[in-house]
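Everything below concerns the one structure shown next.
The values are calculated or read from the model by the stated rules, or taken from the named source; none is laboratory data. Just so it is clear, the structure is predicted and the values come from calculations on it, not from any experiment. Note: ideal-geometry Cβ built from the backbone for every residue, glycine included; neighbour counts use all protein chains shown. SASA here: full protein model, heavy atoms, side chains in, ligands and nucleic acids out. Shrake-Rupley method; radii C 1.70, N 1.55, O 1.52, S 1.80 Å.
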Amino acid sequence: MRVTSLFVLICITCLKVRAQQDSTQKTSLTLAALYSTDVSYYGQATTEKLPYVLVNATLRFPVGLYLSAGSYKLLNYGSGLSETDLGAGFDYNFNDRFKAGLAYTRSFFPSNSPLLQAANENNVNVSANYTWPWLKSSLSADYAFGQQQDVFISLTHSKEINLGSLFNKKNAVSIEPAVELVAGTRHFYESYTIEKSNRDKAKGKGKAPVQPGNSNSTTTVVTASDSFNMLSYNFKLPLYLSRANYMAEFSYQWSVLGAKADAELKSRQSFFGLGFYYQF
């Protein structure tokens, strides 16, 4: 993100496979609409609560190539779109159990964006997924760059559990509890802090930054984090209702930040989401 940041692109790409089992045999188009109570950037959320709605379209070709475009709107901030993005990727199935992928996403943010990821407009992702007889494991590495440069590594273990059907046998119900560990750098937080200071200043809440020759001004001291540390521990519980060409999702995520979390980030946070996916 997800939020049409890369974690959302990966989520949509994976979920659409559930909606139609023969998706790899022909070109398919998946449309998605999602709502979430807050923005999660690798499990991290600011003290500013930012609910949003998102739309996305993903076009996948039989060779494994896919193209994606999306945008989302923060419901309590600004009057226009909060982000738009374009992405491209390639997935390769080595066998029934092992799959690897490479993806690139370019995001566009308005000025003074309140989003943590606004400093990293570009994202390159490399992922590997292995399905064990009783568990699915995913390892993902991201290089995010733009105003800042950051590296993230995520390890996820999940288990799909079929709960049966609803109303008739064509409506399958399932859950997929997951545990995700995310480590990385925090350069993006430096840009976020500066932008937040500017927004507070514009509203009369902050102090003016130091200007050349102005000895009476004060400044906010921001220290970039070059160290690679644990960022978050995420516990996810999505509930799916799927049929031949569509899927509805209700999701819950509880995130706990690492020991060196920054002051403007919530140490613990719950996210609730609703999603609908349709595949042509």
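Just one of the listed residues (LEU237, LEU231, LEU265, LEU241) is touching a Gly at 6+ places or on another chain (Cβ under 6 Å) and modelled with pLDDT of 65 or more, and it is LEU231. Each residue in region 119-150 was checked for being of a type in the set (A, V, I, L, M, F, W, C) and closer than 17 Å to PHE94 by Cα, and 4 pass.
Looking at region 44-94, the strands (runs of 3 or more DSSP E) lying wholly inside it that each contain 3 or more residues that are under 20 Å from GLN269 (Cβ atoms) sit at 52-60. If you go through region 103-121 and keep only what is surrounded by fewer than 14 Cβ atoms within 10 Å (Cβ to Cβ) and at pLDDT 95 or above, you end up with ARG106, PHE108. Looking across HIS157, HIS187, one residue alone is under 22 Å from LYS266 (Cβ atoms) and touching a strand residue (DSSP E or B) at 6+ places or on another chain (Cβ under 9 Å). It is HIS187. Evaluated against (1) open to solvent by 40 Å² or more (accessible area, probe 1.4 Å); (2) farther than 29 Å from GLU190 by Cβ; (3) aromatic (Phe, Trp, Tyr), TYR66 falls short on exactly one condition, (1). The single condition among (1) under 30 Å from LEU31 (Cα atoms); (2) modelled with pLDDT of 95 or more that ALA183 does not satisfy is (1). The single condition among (1) within 24 Å of GLU121 (Cβ to Cβ); (2) at pLDDT below 85 that ALA208 does not meet is (1). Considering region 256-280, the residues that are farther than 12 Å from SER232 by Cα and among the hydroxyl-bearing types (Ser, Thr, Tyr) include one that is farthest from the chain's Cα centre (by Cα), namely TYR278. Looking across region 257-275 at every residue that is open to solvent by 30 Å² or more (accessible area, probe 1.4 Å) and part of a strand (DSSP E or B), the one that is farthest from GLN44 (Cα to Cα) is identified as LEU274.
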